[in-house]
Structures are given as C-alpha cells and as structure tokens.
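Below is one structure. I have some questions about it.
We did not get these values from a lab; they are worked out from the coordinates using the rules stated. Not measured: the values here are computed from a predicted model. When we count neighbours, we look across all protein chains shown, and the Cβ atoms used for this are built from the backbone with ideal geometry, even at glycine.
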Amino acid sequence: MTGVLFSLVFAVAAPFWALMIVLPHWSWTRRIIAAPWIAVPPVLIYLIVVAGSLTDVLPAVTSPTLGGVRDLLGSADGATAGWAHMIAFDLFVGRWAYLDSRRRGIPALVMAPVLLLTILLGPLGYLAYLLVSSRLVSSRTEEKGAA
C-alpha cells in the first residue's frame, strides 16, 4: 500500500503543475490554481501514511535527532510521508508564485523554469522566484523613475 501511495503523491499534483507551466494563460488555469484546495490531495496521502505510523513519526518530530529523522526517512512509510510533505508544500509555494507572478505581470516564459525548479528542488525554486520577482519589480520601478 505504501508504494502505491508514494506513486500517487506526485500523480495527484502533476496536473496542477502542468496547468501552471504549460497552460499559464488558459482561463481555467487561473480559476483552478486560485483554489487553495489544490494542495490537499498530497496532504491527504500524508495524513494516511502518518496516521498509520504515528508511533514512529511522533518521536522523530517531537524530539528530533539526526539519527531519528534518518531512520524515519529511511523507512518506506517515512520516505512516503516525507515525499508527500515535500510535494504538498512545493505545490503550495508553486501556486503562490504562479498567482503572484500573474499579478505582477511576470512573463510565463520566465516563470516556467522557476516553477520547474520549484517542482524539483522546492526551496531553490522559492529563492529563484524571490530573486526574479524582486529583480523585475526593481527594474520596473527604475524605469518609472526615469520616465
């Protein structure tokens, strides 16, 4: 069952990533991505896995040690829970970046690699978005000041 849940985690998030990256200007994309509920499917998988292994998870998160966390993540349940946790939060951050970029007028071609980086290496995608958005906002502010 854990192997199925592990495989299912990305499958339930992938359609939302595809909308943001491949169809960023489609009218339905913004409507779908605007719903904060899109990150819930991986969270539900996380809940299922964690609920089934709570006796292993609680000690690792309430009194974390390197060895304890390593052992937890080294198990099938721990790796699946960790994966679901990452996918849920990466999708949440990707959703935020997509919506914020639309409001700021950041081009979709600029956002596609940022969103891809967020899927693959979540925190680095977040950092990339902060750099891109602050760079574009500051360059636009400079242009307005020069006009």
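Enumerate the pairs (first residue in the stretch 10-35 and without any contact (Cβ under 8 Å) to a residue 40 or more places away in the chain and closer than 21 Å to F89 by Cβ; second residue anywhere and surrounded by 13 or more Cβ atoms within 10 Å (Cβ to Cβ) and hydroxyl-bearing (S, T, Y)) with beta-carbon separation below 8 Å, excluding pairs fewer than 6 apart on the same chain, so at least 6 apart or on different chains.
L19/T29
When the stretch 49-87 is examined, which residues are found to be surrounded by 15 or more Cβ atoms within 10 Å (Cβ to Cβ) and in contact (Cβ under 8 Å) with a residue 60 or more places away in the chain?
D77, A79, T80, W83, A84, I87
For the structure I just gave you, tell me whether R104 is of a type in the set (K, R) and in contact (Cβ under 8 Å) with a residue 60 or more places away in the chain.
no
Okay, next question. Given the structure, is A60 under 30 Å from S133 (Cβ atoms) and among the small types (G, A, S)?
Details: under 30 Å from S133 (Cβ atoms): no; among the small types (G, A, S): yes.
Criteria not met by A60.
Do we have L72 as aliphatic (A, V, I, L, M), under 19 Å from the mean Cα position of the chain (by Cα) and assigned to a helix (DSSP H, G or I) here?
No.
Moving to a separate point now. Sort out which residues of the stretch 3-28 are in a helix (DSSP H, G or I), surrounded by 11 or more Cβ atoms within 10 Å (Cβ to Cβ) and either of a type in the set (F, W, Y) or touching a Phe, Trp or Tyr at 6+ places or on another chain (Cβ under 6 Å) (or both), and write them in order of number.
Across the stretch 3-28, the qualifying residues are F6, V9, F10, F16, W17, M20.
Here's something else I'd like to know. Of the numbered conditions (1) among the β-branched types (V, I, T); (2) within 24 Å of L124 (Cβ to Cβ); (3) touching a helix residue (DSSP H, G or I) at 6+ places or on another chain (Cβ under 7 Å), V22 fails exactly one; give the number of that condition.
Answer for V22: the failing condition is (3).
Here's another thing I want to ask about it. Is it the case, given these coordinates, that G94 is in a helix (DSSP H, G or I), of a type outside the set (D, E), in contact with a Leu (Cβ under 6 Å, 6 or more places away or on another chain) and under 13 Å from A39 (Cβ atoms)?
So G94 fits the description; yes.
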